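The values are calculated or read from the model by the stated rules, or taken from the named source; none is laboratory data. Bear in mind the structure is a predicted one, so any value in this text is a computation, not a measurement. Note that we place each Cβ from the backbone using ideal geometry, even for glycine, and neighbour counts take in every protein chain shown. Each accessible area value is taken on the protein alone, full model and side chains, heavy atoms only, with ligands, DNA and RNA left out. Shrake-Rupley method; radii C 1.70, N 1.55, O 1.52, S 1.80 Å.
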Amino acid sequence: MKRSSVTGRRRGASILRPAICIMVILVAADTLFTEAGNSNRGNNNKPTQSTLAPRFLTRGHTYRAVVGDTLMLPCEVENLGSYVLLWRRGTNVLTASNIMVTRDERVRLIDGYNLEITELEPQDAGDYVCQISDKINKDQVHTVEILVPPSIRAVPTSGQSTARKGGSVTLECKASGNPVPSIHWTKKSGSATGSTSPTRIGEGPILTLERVDRQHAGVYQCTADNGVGEPVFLDMRLDVLYPPDIAVEKSWVHSGEGFEAQLVCIVHADPQPTVSWFQNSFPIQPTDRRVMSSRGNKHTLSIKHVQSEDFGNYSCVADNSLGRAKKYMEVSGRPGPAEFISPPWSRFVDSYNMTWKVMSYPPLQEVRLLYRKLLMNDTFQQPGRWHDVILTPTPRSSPEPSEHIMSFHLRGLQPSSVYEGIVQAKNRYGWNEVSDIFQFYTQRSSSEPRLEDMELVASSTSRSRGSSTVTKRTLNSCQHFLVGVLTLLLTTHYTLGHV
């Protein structure tokens with residue numbers, strides 16, 4: 001029984017609180033009206049401004065303010081007299097005369113009846129009415145718009161997405177703010193792009209990527225901006241799952257006995273792959289001489305103190321849950337391919353000094369040089385037959401790897417001609433690959449006029465037979481041209497004279 005009576009008292013008190021507040025407002029208003037009425041009765045014979053109708057000195061306006069700022073809404077009234085000035089928002093009364101009705105501590109009256117709101121929040125947006133409580137209910141309306149800087153969140157909230165190679169993926173970035181923010185996408189580069197600004201790859205809250213491959217993997221940045229404050233950014237990571245992809249630094253590795261050989265393959269894969277090495281299809285086990293290492297995507301097989309049994313075919317094999325890839329390499333003691341170092345233009349009309357270099361750890365045993373002339377005119381190019389030259393290099397006793405430089409002077413060539421040559425070298429491990437084709441050119445013969453010489457002779461006098469012939473031809477052409485011009489002029493003159 002005691003508990004019910006206490007509960008009843010509490011309910012009664014909670015019901016009475018609003019009523020008490022209303023009574024306080026009414027009493028205060030009644031007091032103001034009574035004092036104003038007594039004052040008017042005592043001064044009925046004196047004309048005062050209180051007898052004039054109240055009038056707003058300020059006008060309604062639309063205000064835009066950023067969330068967190070302070071906003072002042074003006075309300076100045078002339079001839080208020082005994083009337084009560086109210087501030088309300090919708091049906092909620094904020095102030096009555098100088099009395100604060102709202103419990104919001106951010107709201108107060110300053111400099112008379114101007115309403116100030118501090119620490120603005122998004123929910124403060126709306127219409128604020130300054131109202132004169134008389135029979136005609138005059139009021140002034142201010143519209144408040146709260147500007148909110150952009151904020152963004154990722155979908156999914158983890159900011160990470162995964163896709164398989166060849167599939168599609170959607171990245172979503174939801175933004176809020178007032179005004180509604182605009183959104184664009186860029187891709188952050190994990191490689192060296194210098195200071196170049198990333199380019200936009202999409203607009204709007206959703207970015208869809210089709211037929212993705214490993215180049216699509218990385219960090220994508222969503223940027224939201226609405227002109228209020230600074231733009232905001234959000235990073236989202238995309239992982240692309242794909243089977244291994246292998247590239248080798250060198251498919252042919254040159255080495256020699258007692259020296260070192262390094263085989264390198266670059267492996268890209270997600271999930272992370274396992275990498276194995278094979279020689280002639282047999283798995284390689286690590287030893288003191290054969291060391292396997294990896295750094296990032298780079299996988300290396302180092303063979304120290306190379307022996308004859310180390311020469312042969314090797315393969316780099318990468319596996320993950322999505323597939324397998326394999327690339328082949330060869331470790332060889334044969335010479336490296338020949339590289340030509342002589343200039344292509346000969347200093348002679350009937351010969352050419354050809355120079356090349358070959359890398360070989362053991363001494364070279366034999367070198368083969370082949371060359372031929374190209375038969376050329378304005379419409380076709382036809383090679384001649386090969387000339388084969390066998391050379392025996394000078395023996396070298398040094399066991400160090402060396403760059404063998406050799407030369408051979410080709411004689412009996414034809415002037416003003418184009419030739420091409422190839423070189424192949426042999427050491428005790430065998431012949432190397434044939435070199436790339438090298439083209440070279442012989443000089444013109446002294447009796448053969450050059451084009452620039454012909455042009456010069458045509459414009460000057462020369463004592464040589466060739467020059468005089470060209471000069472005669474040129475003069476004959478000029479004479480024919482002049483005769484034609486004179487004939488045309490005479491014909492024209494004759495025709496005009498008979499018109």
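Worth pointing out:
- Of all accessible heavy-atom area on region 236-303, the percent that carbon and sulfur account for (1.4 Å): 47 percent
- Share of pairwise Cα separations in region 133-279, more than 28 Å, in percent: 47 percent
- Shown are ASP104, ASP139, ASP288, ASP124, whose ranking by accessible area with a 1.4 Å probe and every protein chain present, most to least, is ASP288, ASP139, ASP104, ASP124.
- When each of the peptides 292-303, 223-234 is scored by how many other beta carbons lie within 10 Å of its residues on average, the order from highest to lowest is 223-234, 292-303.
- Sparsely packed trypsin sites (Lys or Arg not before Pro) within region 76-106, loop by DSSP, other Cβ within 10 Å at most 11: ARG103
- Apportionment of accessible area to carbon and sulfur, region 108-156, percent (1.4 Å): 49 percent
- Solvent exposure of region 242-307 as accessible area per residue, Å², 1.4 Å probe: 56 Å²
- For region 49-99, the solvent-accessible area works out to 59 Å² per residue, with a probe of 1.4 Å and every protein chain left in place.
- Relative protection proxy for 385-392, 181-188, from highest mean packing down: 181-188, 385-392 (other beta-carbon atoms within 10 angstrom).
- Within straight-line reach of LYS326, meaning a Cα separation under 18 Å, sit the following aspartates and glutamates at least 8 residues removed in sequence or on another chain: ASP245, GLU249, ASP270.
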